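Asker: Take a look at the following structure, please.
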Amino acid sequence: MPTRLTTYFLRTLREDPSDAEVTSHRLLVRAGYIRRQAPGVFAWLPIGLRVKEKIERIIREEMTNAGAHEVHFPALLPREPYEATGRWTEYGDGLFRLQDRKGADYLLAPTHEEVFTLLVKDLYNSYKDLPLSIYQIQDKYRDEARPRAGLLRGREFTMKDAYSFDYTDAGLDASYQAQRDAYERIFTRLGLEYVIVKADAGAMGGSKSEEFLHPTVVGEDTFVRSAGGYAANVEAYVTEVPDALPIDGLPAAVVLDSPNTPTIATLVDLANAEYPRPDGRAWTAADTLKNVVLALTHLDGTRELVAIGLPGDREVDMKRIEVAFAPAEAEQATEADFAKNPALVKGYIGPWSPLGAVLGEESASGIRFLLDPRVVDGTEWITGANLDQKHVFGLVAGRDFTADGTIEAAEVRAGDPAPDGSGPVELARGMEIGHVFQLGRKYADVLGLKVLDENGKLVTVTMGSYGIGVTRILAIIAEGNNDDKGLVWPAAVSPFDVYVLATGKDPAAFSAAEQVCAAIEATGRSVLYDDRPKVSPGVKFGDAELIGIPKIVIAGRGVAEGVVELWDRVTGERTPVAITEVADALG
RNA sequence: CGGGGCGUAGCUCAGCUUGGUAGAGCGCCCGGUUUGGGACCGGGAGGUCGCAGGUUCGAAUCCUGUCGCCCCGACCA
């Protein structure tokens, strides 16, 4: 039996909801797929659920193909496992916490690594039980500081999360690869363009991590890619290190007056006006060494100042900084920080002064000093002399100053070289739709998941975790498949296979429509049938377009001649077809 | 957390400047006409004007406070 609009729980809105900005949010609400319950929390209406289930079915099939077994954990979990791994506190305000009537702490799980690990620990203790991959499709909860864009960043969202358990590194590699392959099949079946980028493995002790990004302007992640195939999240981009230059024969550094030059731009202008280069080339920002002072707050609450030196033509990328210093938090040093460190002359900070080294753990300030990898030995710089209104010219790295290490802190720019030599990179925006991650032994270590190996020795299990944002994918598909009339679902995820509508007041149109529904369903297709009487054709056509089922059949004025129309939602084309041949004509 | 905007009917919004019985369109219900691009006529249901306090004879409107929501940014395996 077809699903009839007269009895279905579906209400379309004539106007756009006022609180929806992005296309997917606007259309999914207007077409009756979802309703907002609270910021970042949505109810699923029947037609929306069908799309969600279509996506989940594809994921389940490919998880099965990858040898993973489905389980289901509660979303509501006790505090203890998360306390053990430190995530109860590390997750900070992002965690939904609650208490039961006795005052015991619970949380709504943001991900389930802990309980998956403990489940396996409970039941397995031999290498013979491994490898194992298990997964669930579950709602996750994160108290986002700012939920936005409807389903794209919600506080409750559905995720497929899989976890693999191996006792050898090679086994982990194989499990990881199996999930990675499954992801490629899933996204291909969903018709979703994706780019696999190297991702930051983060502070959680992971070793290898890749993100599946869908290129889209609404994306929140910036990634880089080269024509030669390199792709990386901007946080994971690794700077190509130039060869060191010879130091012998370079002239000594000189301290020169540079009044009123607190910024790189003013410094370059003054240098060109007052101290032109002997070779006639103009000074540029790239000739200057910018020293940025940051304040780190470590997990234990201690505050540490760190100085970062980078070419003056590059900005500091705070996202890359965060990754570099995680789990510590980084921010710009405050006036109070400078006040406590009189060795730093703001606007004229540099690694060196005529009195000796200023930056570095062994220096006058004792402040840790990290350099951009481009600042190799033998490079010459204009930089602050730590004297008010003075800069030093020709300061040579490796001769006049050294650092405590290097750091990936500078912004990545289009045209920068890919680290694998595959050419210059371009920058693009993407939305993370999947993430595969070798966790290694971090969780197993902390939670004590060990098995006996072939030699009867206890070995710690090594794990992977693999996530796909189900509801986010749904929104992304909606985002990329619509026109000014409404949604246009790809057949693979369309809530119904065919939309049948009858127009006019002639009962013959409705009986023809019923006949068409039956014929289509006989071929195994699902049908949504607009059987509403007394609704004008314009409304019916408009709803059909808004709802976005790709194949539409119109039973109307042709039925007397035994003809209905096949309406292609994608192309807009309408083709007359004999009623008896509709099912075949759908292909 | 910073910046901006908004809370009035199921939805989209007007009314607030200048205080005086709460409005429109759409949707919904009843009757009738209409039926290939969001038709029309007549009748009707539906609102603590976010909340609290204040000013006033009288507050959706003015004042104070508060809560919530949306957008941008910060933040976000």
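Asker: Given the criterion surrounded by 17 or more Cβ atoms within 10 Å (Cβ to Cβ), touching a strand residue (DSSP E or B) at 6+ places or on another chain (Cβ under 8 Å) and small (Gly, Ala, Ser), identify the matching residue among A:252, A:271, A:286.
Answerer: A:271
Asker: So in segment A:208-231, with the set limited to residues that are touching a Gly at 6+ places or on another chain (Cβ under 6 Å) and not in a strand (DSSP E or B), which one is nearest to residue A:193 (Cα to Cα)?
Answerer: My answer is A:219.
Asker: Turning to a different aspect of this structure: Give segment A:136-149 a look and list any residue that's modelled with pLDDT of 85 or more and near RNA strand B (Cβ under 9 Å from one of its atoms), or say none.
Answerer: The answer is A:140, A:142.
Asker: What is the number of the single condition among (1) more than 16 Å from RNA strand B (Cβ to nearest atom); (2) at negative phi that residue A:333 does not meet?
Answerer: Result: residue A:333 passes all but (1).
Asker: Among the residues of segment A:447-483, which ones are farther than 24 Å from residue A:210 by Cα, of a type outside the set (D, E, K, R) and touching a helix residue (DSSP H, G or I) at 6+ places or on another chain (Cβ under 9 Å)?
Answerer: Of everything in segment A:447-483, those that are farther than 24 Å from residue A:210 by Cα, of a type outside the set (D, E, K, R) and touching a helix residue (DSSP H, G or I) at 6+ places or on another chain (Cβ under 9 Å) turn out to be A:447, A:448, A:449, A:451, A:452, A:459, A:478, A:482.
Asker: Which one of the conditions (1) in contact with an Asp or Glu (Cβ under 6 Å, 6 or more places away or on another chain); (2) assigned to a loop (DSSP other than H, G, I, E, B); (3) modelled with pLDDT of 80 or more; (4) of a type outside the set (Phe, Trp, Tyr) does residue A:467 fail to meet, given that it meets all the rest?
Answerer: Result: residue A:467 fails condition (2) only.
Asker: Would it be correct to say that residue A:389 is outside the structural domain of residue A:222 (by TED's automatic domain parsing) and on the phi > 0 side of the Ramachandran plot?
Answerer: The answer is yes for residue A:389.
Asker: Still on this structure, I have one more. Can you tell me which condition residue A:465 does not meet? The list is (1) over 24 Å from the mean Cα position of the chain (by Cα); (2) within 8 Å of RNA strand B (Cβ to nearest atom), and all the others hold.
Answerer: Result: residue A:465 passes all but (1).
Asker: Just the residues that are of a type outside the set (Asp, Glu) and surrounded by fewer than 24 Cβ atoms within 10 Å (Cβ to Cβ), please, taken from segment A:478-488.
Answerer: A:480, A:481, A:482, A:485, A:486, A:488
Asker: Just to be sure I understand, how many residues within segment A:399-453 are part of a loop (DSSP other than H, G, I, E, B), at pLDDT 85 or above and surrounded by 21 or more Cβ atoms within 10 Å (Cβ to Cβ)?
Answerer: Number of matching residues: 1.
Asker: Condition first: part of a strand (DSSP E or B), in contact (Cβ under 8 Å) with a residue 60 or more places away in the chain, more than 11 Å from RNA strand B (Cβ to nearest atom) and aromatic (Phe, Trp, Tyr). Can you find one or more residues in segment A:482-498 that meet it?
Answerer: no
Asker: Spot the failing condition for residue A:146; the list is (1) surrounded by fewer than 20 Cβ atoms within 10 Å (Cβ to Cβ); (2) in contact with a helix residue (DSSP H, G or I) (Cβ under 6 Å, 6 or more places away or on another chain), and only one is missed.
Answerer: Tallying (1) surrounded by fewer than 20 Cβ atoms within 10 Å (Cβ to Cβ); (2) in contact with a helix residue (DSSP H, G or I) (Cβ under 6 Å, 6 or more places away or on another chain), residue A:146 fails exactly one: (2).
Asker: I need the full set of residues from segment A:499-515 which are under 15 Å from residue A:560 (Cβ atoms) and either out of contact with any helix residue (DSSP H, G or I) (no Cβ under 9 Å at 6 or more places or on another chain) or not in a loop (DSSP other than H, G, I, E, B) (or both), in order please.
Answerer: A:502, A:505, A:507, A:508, A:509, A:510, A:511, A:512, A:513, A:515
Asker: Let me ask something else. Take the residues in segment A:157-182 that are of a type in the set (Phe, Trp, Tyr) and within 12 Å of RNA strand B (Cβ to nearest atom), then tell me which one is surrounded by the most Cβ atoms within 10 Å (Cβ to Cβ).
Answerer: A:163
Asker: Can you name the residue in segment A:534-559 that is β-branched (Val, Ile, Thr) and within 6 Å of RNA strand B (Cβ to nearest atom) and is also surrounded by the fewest Cβ atoms within 10 Å (Cβ to Cβ) among such residues?
Answerer: Per the stated criteria, the residue is A:539.
Asker: From the list A:503, A:523, pick out the single residue that is more than 8 Å from RNA strand B (Cβ to nearest atom) and polar (S, T, N, Q).
Answerer: Matching residue, one of A:503, A:523: A:523.
Asker: Let me ask you something else. Scan (1) basic (Lys, Arg); (2) more than 17 Å from residue A:3 (Cα to Cα); (3) surrounded by fewer than 20 Cβ atoms within 10 Å (Cβ to Cβ) for the single condition residue A:569 breaks and write down its number.
Answerer: (3)
Asker: Can I ask one more? Quick check: is even one residue across segment A:382-398 part of a loop (DSSP other than H, G, I, E, B), more than 16 Å from RNA strand B (Cβ to nearest atom) and touching a residue at least 60 places away in the same chain (Cβ under 8 Å)?
Answerer: yes
The values are calculated or read from the model by the stated rules, or taken from the named source; none is laboratory data. Since the model is a prediction, treat every value here as computed from it, not as a measurement. When we count neighbours, we look across all protein chains shown, and the Cβ atoms used for this are built from the backbone with ideal geometry, even at glycine.
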